[in-house]
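Take a look at the structure below.
We did not get these values from a lab; they are worked out from the coordinates using the rules stated. Please read these numbers as outputs of a predicted model, since none were measured by experiment. Positions of Cβ are generated from backbone atoms using ideal geometry, with glycine treated the same way; all protein chains shown enter the neighbour counts.
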C-alpha cells in the first residue's frame with residue numbers, strides 16, 4: 001500500500017533533448033528494486049568545506065552507505081561538453 005505525499009511535474013533526466021516523461025518517486029524502503037538516490041546540496045561554501053560534514057551526517061544515518069561527490073556544473077555540462 002502506498003500513500004501519495006506529493007505531486008511532481010514530468011521531467012528530463014538523461015538529456016535536455018529527451019521528451020518529458022512521467023516520474024514516480026518512492027521511498028527507498030518501499031522500492032522493490034532500489035537504483036540508488038541522489039542528494040543535491042546548495043551552498044555558498046566551496047565543496048571542500050561542505051563535504052566533510054555531509055559525510056559525517058550520512059554515516060550517522062547509514063554507516064554502510066556508499067556515495068560520491070561531484071559539482072553540479074560537471075554533472076550538467078559533462079555529457080554535452082565532452083570532446084571526441
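What to note about this one:
- P(r) tail for the stretch 37-81: Cα pairs beyond 15 Å make up 50% of the total.
- Linear extension gain, residue 62 paired with residue 14, 0.36 nm per residue minus alpha-carbon span: 14.5 nm
- Modelled spin-label separation between residue 26 and residue 72, with each label point placed 7 Å from Cα along the Cα-to-Cβ direction: 2.8 nm.
- Computed over the chain: relative contact order in percent, which uses C-alpha pairs under 8 Å that are six or more apart: 13
- Whether the chain is rounded, prolate or oblate, judged on the alpha carbon gyration tensor where a/c under 1.5 counts as rounded: oblate
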